[in-house]
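Data block below; observations after.
Just so you know, all these numbers are worked out from the coordinates, no wet-lab data involved. Source: prediction; values computed, not measured. Methodologically, a virtual Cβ is constructed for each residue, glycine included, from the backbone with ideal geometry; neighbour enumeration extends over all protein chains shown.
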Amino acid sequence: MISLTNSFSIITVTNNSQSTIEKTILSVINQSYKNYEYIIIDGGSSDKTLEIINKYKNNIDKFISENDNGIYDAINKGIKLSKNSIIGILHSDDSFYSNDVLLKYSRVFKKDIDIVYANLIIVNDKKVIRRWVSNNFKRNSFMNGWSPPHPTFFVRKKYYSKFGNYSLKYKIASDIDLMFKFMEIHKLKSYYLNTTTVIMKTGGVSNKNILNKIKLNLEIIKILKSQRNNKFKLINFIFKKFFYKIKQYF
């Protein structure tokens, strides 16, 4: 018998995602572990996204569709609506890797664990182009170009209340900002679940073109410099991040 001790709030934010949203929804509602609520925050889609969501309305606990100030504003709305103890975010062009993902998270979320993250794969037209295999967090890892894969990042809700939600100051890298604050600044205890839990489709906001990749890294550098000032070394960051990332393509 599956224990239902841990309760999850899974948040999906979407806007004109008719080509991917159904796969995302199905990957959530087909989970074997059932102690979760599913929240969808739509930014006012004008395509068939709302029609697809309505098809699964009986499986969706909370849903709103209205204009927002971007992805992070939408995520914050979902956090505000959530009622369960652990929050995971699954974007509308991503999906859970298997039907036992929440079960796997539940098994490692113990009383002394605040954060759990895992591995993901990035696909393009069903072809795997990148395998993001993470590792155990060590102090100052972010300074060396490391970060957990955000789509796999689950954290206890109480820390959003305590330390704050996603900042709207950053347009692309607010997820890095939040993970950095939670792990490096506030020293929350994390657990690396060494398995693939998310399939991520290429073409998201942070990696859809070279310009956005540059903007992403400029925002990350700004985040790291603002928090640690002279302890941040730009050359070290660029060099180590390049080699950390290049391994994911082989």
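Arranged from fewest to most other beta-carbon atoms within 10 Å of their beta carbon, 152, 196 become 196, 152. Every helix of 4 or more DSSP H residues in the chain counts as -39500 (n - 2.57), and over all residues that averages to -9500 deg cm²/dmol at 222 nm. Given R0 = 45 Å, the distance between the Cβ atoms of residue 158 and residue 125 translates into a calculated FRET efficiency of 0.65.
Put +1 on the Cβ of each Lys and Arg and -1 on the Cβ of each Asp and Glu in the chain; which of 35, 72, 220 then has its Cα farthest toward the positive end of the dipole? Going by the Cα projections, it comes out as 220. Looking at the chain, the DSSP beta bridges with both ends there are about 35 percent antiparallel.
Taking Cα atoms only, the orientation of helix 210-228 departs from the longest principal axis of the chain by about 70 degrees. What fraction of the DSSP beta bridges in segment 83-221 is antiparallel, stated in percent and rounded to the nearest 5? Restricted to segment 83-221, the bridges split so that about 60 percent are antiparallel. Taking only alpha carbon atoms, the chain gives an Rg to Rh ratio of 0.94, where Rh is the Kirkwood radius. Listed by Cβ neighbour count within 10 Å, with the fewest neighbours leading, 186, 91 appear as 186, 91.
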